[in-house]
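The values are calculated or read from the model by the stated rules, or taken from the named source; none is laboratory data. No experiment lies behind these values; they were computed from the predicted model shown. When we count neighbours, we look across all protein chains shown, and the Cβ atoms used for this are built from the backbone with ideal geometry, even at glycine. Quick note on the areas: whole protein, heavy atoms, side chains included, nothing else; ligands and nucleic acids left out. Shrake-Rupley method; radii C 1.70, N 1.55, O 1.52, S 1.80 Å.
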Amino acid sequence: MPHAHILLFLDKESQFDTPQKIDEIISAEIPDPADDPELYDIVTKFMIHRANTMSSCMKDYSPGLRCSKHFPRAFMDCTVIDDNSYPSYCRRPERFTATIRNPMDKKESLTVGNEWVVPYSPYLSKRYKAHINF
Ligand SMILES: [Zn+2]
């Protein structure tokens, strides 16, 4: 599948260096389907991390297989920036959910929440209708 990895450096004045600025451009939550059904469809189609035991993200960290991309992610009440400037995005529990095909058993469906959302830009997701993660 064609894809690109892009790293951008921004001027100090243009940086998204506060939780508030980050929340304006990046989300790690399933959107409200009543508020924005188009974005809900895009996020639940492209931005839910799906893995089974055969997925390339699954690594054997003794004593067992775990997702190397750290899914499912921990819930966060708000976006936090750590001492290395690395953000942990707002990922609230008890919000909206998505029903997806179970990656472990394709015959079953599975209800997932924000712990499985790959961080995305609502603007870019709607513009390109593709998997674009942050
Ligand atoms: Zn994974």
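Which numbered condition in (1) closer than 19 Å to Pro33 by Cβ; (2) among the polar types (S, T, N, Q); (3) in contact with an Asp or Glu (Cβ under 8 Å, 6 or more places away or on another chain) is the only one that Ser109 fails?
Result: Ser109 passes all but (3).
Just give me the residues in the range 1-32 being closer than 22 Å to Met76 by Cβ and not in a helix (DSSP H, G or I), in sequence order.
Passing the criteria: Gln15, Phe16, Asp17, Thr18, Ile26, Ser27, Ala28, Glu29, Ile30, Pro31, Asp32.
Those residues that are of a type in the set (Phe, Trp, Tyr) and either open to solvent by less than 100 Å² (accessible area, probe 1.4 Å) or outside any loop (DSSP other than H, G, I, E, B) (or both), I need them from the range 40-99; list them, please.
Answer for the range 40-99, where residues must be of a type in the set (Phe, Trp, Tyr) and either open to solvent by less than 100 Å² (accessible area, probe 1.4 Å) or outside any loop (DSSP other than H, G, I, E, B) (or both): Tyr40, Phe46, Tyr61, Phe71, Phe75, Tyr89, Phe96.
Can you name the number of the only condition in (1) touching a residue at least 12 places away in the same chain (Cβ under 8 Å); (2) within 16 Å of the ligand (Cβ to nearest atom) that Ile132 fails?
Condition (2) is where Ile132 drops out.
Regarding Asn114, is this residue under 16 Å from Phe134 (Cα atoms), touching a strand residue (DSSP E or B) at 6+ places or on another chain (Cβ under 6 Å) and either of a type in the set (S, T, N, Q) or at pLDDT 95 or above (or both)?
yes
Anything in the range 59-80 that is farther than 22 Å from Pro31 by Cα and more than 16 Å from the ligand (Cβ to nearest atom)? List them, or say none.
Listed by number, the residues that qualify are Ser62, Pro63.
Kindly list the number of the only condition in (1) in contact (Cβ under 8 Å) with a residue 24 or more places away in the chain; (2) of a type in the set (A, V, I, L, M, F, W, C); (3) within 18 Å of Asn133 (Cα to Cα) that fails for Phe96.
(3)
When only residues in the range 100-125 that are in a helix (DSSP H, G or I) and open to solvent by less than 70 Å² (accessible area, probe 1.4 Å) count, which is nearest to Phe46 (Cα to Cα)?
Residue satisfying both the conditions and the ranking: Ser125.
Against the condition more than 16 Å from the ligand (Cβ to nearest atom), surrounded by 11 or more Cβ atoms within 10 Å (Cβ to Cβ), under 19 Å from Asn133 (Cα atoms) and without any contact (Cβ under 8 Å) to a residue 24 or more places away in the chain, how does Lys21 come out, does it pass?
Yes, satisfied.
Are any residues in the range 102-130 within 11 Å of the chain's Cα centre (by Cα) and of a type in the set (Val, Ile, Thr), and if so, which ones?
Val117, Val118
Report yes if Pro37 is open to solvent by less than 100 Å² (accessible area, probe 1.4 Å) and either among the charged types (D, E, K, R) or more than 17 Å from the chain's Cα centre (by Cα) (or both), otherwise no.
Against the criterion (open to solvent by less than 100 Å² (accessible area, probe 1.4 Å) and either among the charged types (D, E, K, R) or more than 17 Å from the chain's Cα centre (by Cα) (or both)), Pro37 qualifies.
Output the residues belonging to the range 31-58 that are among the basic types (Lys, Arg) and within 9 Å of the ligand (Cβ to nearest atom).
Correct list: Arg50 only.
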